[in-house]
Amino acid sequence: MRILRSALSILLLAAAALVAAPLGAQSLNIEITGGLKTATPITVVPFAQAGGAPLPTDVADVIRNDFNRSGKFRSLAKSEIVETPSRGADIKFATWRLLKQDFITVGRLSDAGGGMVKVEYELWDVNKQQSLLAQSYTAPAGDLRGVAHQIADAIYEKITGVRGAFWTRIAYITAVGLGNNTTYSLVVADSDGYNPQVVARSRESLLSPAWSPDGHKIAYVSFESGNSNIYVQDITTGSRQLVESHARGINGAPAWSPDGSRLAVSLSYVGNPEIFVLDLASRHETRLTTNLAIDTEPNWAPDGQSIYFTSDRSGRPQIYQVPAGGGSPTRISFQGQNNAEADVGYDGKQIAMVQGNGNVYRIAVMDRSLGGQVRYVSPGPIDESPSFAPNASMLLYAAVEGRRGVLYAVSADGMVRQRLVLADGDVREPAWGPFRPR
Amino acid sequence: MNKTARVALVALFCLGAAACSKKAVKPQETQPPAEPTTTAPETTSGKYTPADLDTDACLRQRVVYFDFDKDEIKPEFQQIMACHAKYLQDRPSAQIRLEGNTDERGTREYNLGLGERRGNAVSSALQASGGSASQLNVISYGKEKPVCREHNEDCWSKNRRVEIVYTAK
C-alpha cells in the first residue's frame, strides 16, 4: 500500500510537471482512501514516437491516470517500467510476470501528415501471453488526450466487461471574484478536468446544470434576469432557449427525461416548490406533486417511468419516488437525519444522495438491490451534487475546502478519490455527461 | 393628484402634527405658507416619509434572521415587521423586495426553497400588520449570496436571513 502510494505520488509529480505549465488551470491529485485488493494490475508502457517534434500529450500517462482514478485498476508507476517495448512481439512476458502485472499495453505514435498523428496500441494478457486488443486511431495532435481516453475506454471494457466512461465530458459552475464582482461560468471539460471551455457566463448566479441525454445541450438555472429562470443551451452552437420563466417564485432544478423530450423541474409559482414535467415540444406543464412542503431536485429513473425528488414533507428533506405520469410519492430514504439531491446510476439500482447528519453532509450511495443499504463515498463536511458517470463506475461531487469549492471524482466503492481543481475561484455543481457516440 | 401636490400635502400635514416634527426634512420655503394647518385630519398624523428610511431607527433595520432550517419569525423581529408594515401602509406606492437566504448546509435547490419560505414568512408578517400583497415581492437566492464565508455557526447565523430591499420608496 505504502509503495503504491509513493509510486503514485511520483507518477503524479511527473504528470503535474508535464501539464501544469502549459495549461495552468488544472492540477491533479489522486488520493487512495482504502484497500485496492480488487484493483487489477496493469502496465501502460510509454508509447514510442517515431521522429517528429515532441507531442503535447503523453498518451500513456493519460491512460494510466484514467485507470488509477477508476479504482478498478492500478497501473504500474512510470518509474518502475523497466523495459519499453512498443509492439507485442517485443514484450518479454517474464519481466512483467515478476512485477505481478496481469495486463500490459504497448503503443506507438507516428506522423500521419497534415498535422495528424497515428496512434497504434495493443493490449496483452501477461499470464496467457495472448493479444486481447490491437487498434489504431488517426487524430489531430491537439486531440491526443481524446484518443488516450478512448483507448482507456476500450481496455476498460475488454477487461471488466463494462463500457468505459473516460471519453466523456463533465459540466460544472465556477464563481470567480467576490461579492458584486463575481462572475459565474458554466464550464464543460473532459472527464478528467482538462480542456475546460466556458459555454455561458453571467454576473448573477448560475446553477443546476443538467446534460441532455444526447450530450448536445445543457439545461441550467440563471438569475441573470433577476429571478431564477431555466434555459436550455446548445453547447456546440451556443444558441439557447428560455424554457421556464414564471414571474413569481422559483424556476429551478431541471432534469432531462431519458428520451430527451421532457424536463422535470421545480416551480413555486403555485405558492411553494412543486415538481412539474415540462414537455419541451408543446411547452405543456404537468404537475406531479401537491403538498405544502418544498418539493425539488427531481431526477428520472433510467427507464423514464418514475422520478426521484427531494421533499421535506416529513419534516426534514428526504428522497421520494413518484410515477412520471403522476401518482402517490413513496419515501425511499430512511437512513440519516436528512437526504437530498438524488442521482440514479444507469441500471437504476444505485442512488447517490447527499446525506446530512448534524453539521456533516456526505455523499451516500444507496443500493436498492441490497435492500437499501447505504455506503458513504465522501468524507464531508459539506459535500453535495453527486453525479454518476454514465457507466456508474465513478461519481463526481462538490466539496468545500477553506473558502472555495472543489470537485472530486470518486470510484463508486469510495476507495479512490481524485480532486479536480481550478487555479482560482469557487467550483461547484459537477454534472457528468453521457457517453459520446463511438 | 400629481407627485408635487402629494409631496406638498404630506409636508402640510406634518406642520400640525407633533410626531412629524422630528422627521420633517422639507425645507421651510417649500411649504405653502397660506394654507390652514388645523384642517389636517387626525388619521394622517405620524405618517412615515421616504426620508425616514434613512433616519428612523426601526426602519433602518432591514435584515431578519432565522434559526437553522426554520422560517418562523422570532419575537425580536416583530417590531421591525410592524414599522415596515406601517411604512407600506403610509406609502401605498412603496415596494419591497424580500430576498430570502440560507446558510451553506443543505443542497442548493433545497435551499432556494427554504430561502423562499423565509421570504414568504416575512411577506405574511408584513401583510398581517397592514402591508399589501401588491407591495411585496419575494425572491430566493438560497445559499448563493452569503454575507459570511466561514464554516461555523456564527457565520451561518448571519447568512440565514431575509433582506428587506425597498425598490420604490
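General remarks:
- Pairs where the first residue, in the stretch A:96-110, is more than 15 Å from A:Ile63 (Cβ to Cβ) and in the same structural domain as A:Ser86 (by TED's automatic domain parsing) and the second is of a type in the set (Asp, Glu) and assigned to a strand (DSSP E or B), C-beta under 8 Å, 6+ apart: A:Asp102/A:Asp125; A:Ser110/A:Glu120
Conditions (1) in the same structural domain as A:Met366 (by TED's automatic domain parsing); (2) assigned to a strand (DSSP E or B); (3) closer than 28 Å to A:Gly358 by Cβ, marked per residue:
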site: A:Asn391; (1), (2), (3): yes, no, no
site: A:Leu396; (1), (2), (3): yes, yes, yes
site: A:Leu407; (1), (2), (3): yes, yes, yes
site: A:Asp413; (1), (2), (3): yes, no, yes
site: A:Arg419; (1), (2), (3): yes, yes, yes
site: A:Val427; (1), (2), (3): yes, yes, yes
site: A:Pro437; (1), (2), (3): no, no, no
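- Residue that is surrounded by the fewest Cβ atoms within 10 Å (Cβ to Cβ), among those in the stretch A:258-280 that are free of Cβ contacts under 8 Å to residues at least 40 places away in the same chain and farther than 13 Å from A:Asn291 by Cα: A:Asp279
- Selection count where residues are more than 8 Å from every other protein chain (Cβ to nearest Cβ) and part of a loop (DSSP other than H, G, I, E, B), scope the stretch B:132-145: 2
- Looking only at the stretch A:328-361, and only at residues there that are under 26 Å from A:Asn391 (Cα atoms) and among the hydroxyl-bearing types (Ser, Thr, Tyr), the one that is nearest to the other protein chains (Cβ to nearest Cβ): A:Tyr361
- Restricting the stretch A:197-226 to residues that are over 27 Å from A:Asp259 (Cα atoms) and surrounded by fewer than 19 Cβ atoms within 10 Å (Cβ to Cβ), the residue that is nearest to the other protein chains (Cβ to nearest Cβ): A:Gly226
- The stretch A:269-323 - residue that is basic (Lys, Arg) and over 25 Å from B:Lys70 (Cα atoms) and, of those, farthest from the other protein chains (Cβ to nearest Cβ): A:Arg283
- Residue match in the stretch A:299-308 (condition: hydroxyl-bearing (Ser, Thr, Tyr), in contact with a Lys or Arg (Cβ under 8 Å, 6 or more places away or on another chain) and buried (at least 24 other Cβ atoms within 10 Å of the Cβ)): no
- Neighbours by Cβ (under 6 Å, 6+ apart or cross-chain): first from the stretch A:307-331, not assigned by TED's automatic domain parsing to the domain that holds A:Ala342; second modelled with pLDDT of 95 or more and buried (at least 24 other Cβ atoms within 10 Å of the Cβ): none
- Boolean, A:Ile173 is within 14 Å of chain B (Cβ to nearest Cβ), closer than 21 Å to A:Trp256 by Cβ and of a type outside the set (Gly, Ala, Ser): yes
- Residue list for the stretch B:73-131, filter: free of Cβ contacts under 8 Å to residues at least 12 places away in the same chain, within 14 Å of chain A (Cβ to nearest Cβ) and outside any helix (DSSP H, G or I): B:Thr107
The values are calculated or read from the model by the stated rules, or taken from the named source; none is laboratory data. Predicted model, so just to flag it, every value in this text is computed and none were measured. Heads up, the Cβs are rebuilt from the backbone with ideal geometry, glycines too, and the neighbour counts pull from every protein chain shown.
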